[in-house]
Amino acid sequence: MNTKLLGSALIVSGTALGAGMLAIPMVLAQFGLAYGSLLMAFIWFGTTYAALLLLEATIKSDGGIGLNSIARKLLGRSGQWLSNSLLYALLICLLMAYILGAADLLAQLLSSVGLTLSQVESQVMFTLAAGAIVTCGTGVIDKLNRVLFMVMILCLVLTLGALLPQFSFTALQQVSNHDHFSLIETSSVLFTSFGFMVVIPSLVTYNNEATDKQLRNMIILGSIIPLVCYLCWLFAVVGSLPAQQLKQFTNVSELMSVFQQQTPWIGNVLSLFTGLALLTSFFGVAMALFHQNSDALGSNRTLIYVVTFILPLLGAIGAADKFLSVLAYAGIILVLLAVGMPLIMVIKARRAEIMSQRYRAEGGTSMLIFSLLFGVFLITSQLM
């Protein structure tokens with residue numbers, strides 16, 4: 001795999017790795033390492049296969065930098081309208097969330113060096129600066145993301161090393177919650193933690209000289225990296241804290257404060273990791289939305305920039321208090337978009353035998369049925 005494909009795999013990983021990195025042990029640790037790991041592996045497998053279906057649809061539609069062109073070629077105008085509606089609803093919601101989170105971290109960082117910015121000023125500064133990077137193209141995002149991702153991995157290694165003295169293999173067997181229905185309810189958190197599918201059309205275009213097999217391996221590698229990070233982090237948390245304490249956590253900040261009491265500097269490392277995770281996720285989602293708008297709106301870069309960045313910024317400024325409650329429904333939108341739409345597009349392409357000699361996701365009809373059932377499972381778990 002060449003450096004360009006490796007960088008693209010890291011964009012996939014960086015888009016997936018976000019706040020879920022800290023949230024996963026908080027919601028899974030109480031159910032024990034075995035059940036938590038099995039559920040995470042199941043969600044990873046289902047989301048990765050859905051991503052491979054989207055790769056097949058992207059290739060068989062003869063490319064396209066956004067889902068707009070892919071859906072139009074495979075599903076017609078009605079499918080194009082539906083996929084665009086779902087994609088815009090999801091990406092704009094996510095960008096608003098990332099702007100709110102990243103701007104808050106930016107304000108804290110500047111405050112530590114004596115510069116004071118209001119919430120709105122920090123949101124505007126972050127959006128304009130990060131948006132300017134995205135408009136420079138996928139190549140710039142690729143190179144910057146490689147550096148940011150390496151720093152994130154370093155932060156993770158430092159954190160795991162700091163937890164090692166408190167680690168106990170006996171603690172890995174602890175289970176404080178035996179309610180399996182509650183375990184299934186955590187599927188929505190896990191699914192959104194592997195939500196990288198939106199960048200696939202952009203990366204296929206970016207790697208237009210790559211073979212179908214190389215693109216497939218790029219996606220699989222990009223999805224395996226966050227899985228390994230999540231499992232290592234879950235392993236470390238379960239092995240370092242008692243079961244009853246894990247069950248009492250109600251938010252991520254409580255988990256971080258406990259680790260900070262044990263090792264004072266670990267809070268700064270985790271804050272750095274969180275900030276970089278938000279930034280890499282922002283770049284991936286913003287790149288997908290920018291290319292989607294380029295695909296739909298043509299070559300007017302000023303209009304594309306306004307629609308991609310200014311509208312989410314205005315939403316973040318004007319509806320921050322209401323927006324956070326809406327995020328709970330973003331998971332259902334993601335299921336319909338990331339699992340449902342690729343499944344429908346692939347079925348349509350295979351029946352019409354469109355470019356049948358090109359890439360075909362493994363598993364045949366049985367795996368298509370699995371993907372359908374996987375989507376039903378995810379929606380059911382979010383409605384429980």
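Where residues in the range 170-191 are part of a helix (DSSP H, G or I) and modelled with pLDDT under 75, which of them is surrounded by the fewest Cβ atoms within 10 Å (Cβ to Cβ)? I'd like the intermediate steps shown before the answer.
Within the range 170-191, the subset part of a helix (DSSP H, G or I) is 170-173, 180-185, 187-191.
Among the residues that remain, those that are also modelled with pLDDT under 75 are: 170-173, 180.
Numbers: 170: 7, 171: 17, 172: 13, 173: 13, 180: 11.
Checking each candidate, the answer is 170.
Of the numbered criteria (1) buried (at least 16 other Cβ atoms within 10 Å of the Cβ); (2) of a type outside the set (Ser, Thr, Tyr); (3) closer than 18 Å to residue 291 by Cβ, the one residue 149 fails is (3).
Taken as a whole, the condition of being surrounded by 18 or more Cβ atoms within 10 Å (Cβ to Cβ) and either touching a Leu at 6+ places or on another chain (Cβ under 7 Å) or at pLDDT below 85 (or both) does not apply to residue 318.
Within the option set 334, 276, 289, 324, being at pLDDT below 85, of a type in the set (A, V, I, L, M), closer than 30 Å to residue 150 by Cβ and part of a helix (DSSP H, G or I) holds for one residue only, 334. Hey, residue 126 hits all of (1) more than 30 Å from residue 211 (Cβ to Cβ); (2) in contact (Cβ under 8 Å) with a residue 60 or more places away in the chain; (3) surrounded by 15 or more Cβ atoms within 10 Å (Cβ to Cβ); (4) touching a Phe, Trp or Tyr at 6+ places or on another chain (Cβ under 9 Å) but one; which does it fall short on? It is condition (2) that residue 126 fails.
What helices (runs of 4 or more DSSP H), lying completely within the range 1-115, carry at least 2 residues that are of a type in the set (Lys, Arg)?
Fully inside the range 1-115 and qualifying: 67-112.
Scan the range 158-169 for residues that are part of a helix (DSSP H, G or I), surrounded by fewer than 16 Cβ atoms within 10 Å (Cβ to Cβ) and either in contact with a Ser or Thr (Cβ under 8 Å, 6 or more places away or on another chain) or at pLDDT 90 or above (or both) and the total you get is 1.
Might you check whether a residue that is touching a Leu at 6+ places or on another chain (Cβ under 7 Å), closer than 17 Å to residue 236 by Cβ and among the polar types (S, T, N, Q) occurs anywhere in the range 282-305? No, there is no match, as no residue in the range 282-305 is touching a Leu at 6+ places or on another chain (Cβ under 7 Å), closer than 17 Å to residue 236 by Cβ and among the polar types (S, T, N, Q). Selection of the range 111-135 for residues being under 21 Å from the mean Cα position of the chain (by Cα) and acidic (Asp, Glu) yields an empty set.
Kindly establish whether residue 84 is surrounded by 14 or more Cβ atoms within 10 Å (Cβ to Cβ) and over 26 Å from residue 368 (Cβ atoms). So residue 84 does not fit the description; no.
When the residues of the range 129-143 are filtered to those that are without any contact (Cβ under 8 Å) to a residue 60 or more places away in the chain and of a type in the set (A, V, I, L, M, F, W, C), the one that is nearest to residue 103 (Cα to Cα) is 129.
Out of 91, 74, 86, report the one residue that is touching a Lys or Arg at 6+ places or on another chain (Cβ under 6 Å) and in contact (Cβ under 8 Å) with a residue 60 or more places away in the chain. Show your work before the answer.
On the way: 91 fails: touching a Lys or Arg at 6+ places or on another chain (Cβ under 6 Å); 86 fails: touching a Lys or Arg at 6+ places or on another chain (Cβ under 6 Å).
Just one listed residue meets the conditions, 74.
Here residue 53 passes the criteria (1) surrounded by fewer than 23 Cβ atoms within 10 Å (Cβ to Cβ); (2) within 19 Å of the chain's Cα centre (by Cα) except the one numbered (1).
Against the numbered list (1) modelled with pLDDT of 85 or more; (2) surrounded by fewer than 17 Cβ atoms within 10 Å (Cβ to Cβ); (3) within 26 Å of residue 77 (Cβ to Cβ), residue 310 comes up short only at (3).
The values are calculated or read from the model by the stated rules, or taken from the named source; none is laboratory data. Because the structure is predicted, anything quoted here is derived from the model rather than measured. No Cβ is skipped: glycine too gets one built from the backbone with ideal geometry, and neighbour counts run over all protein chains shown.
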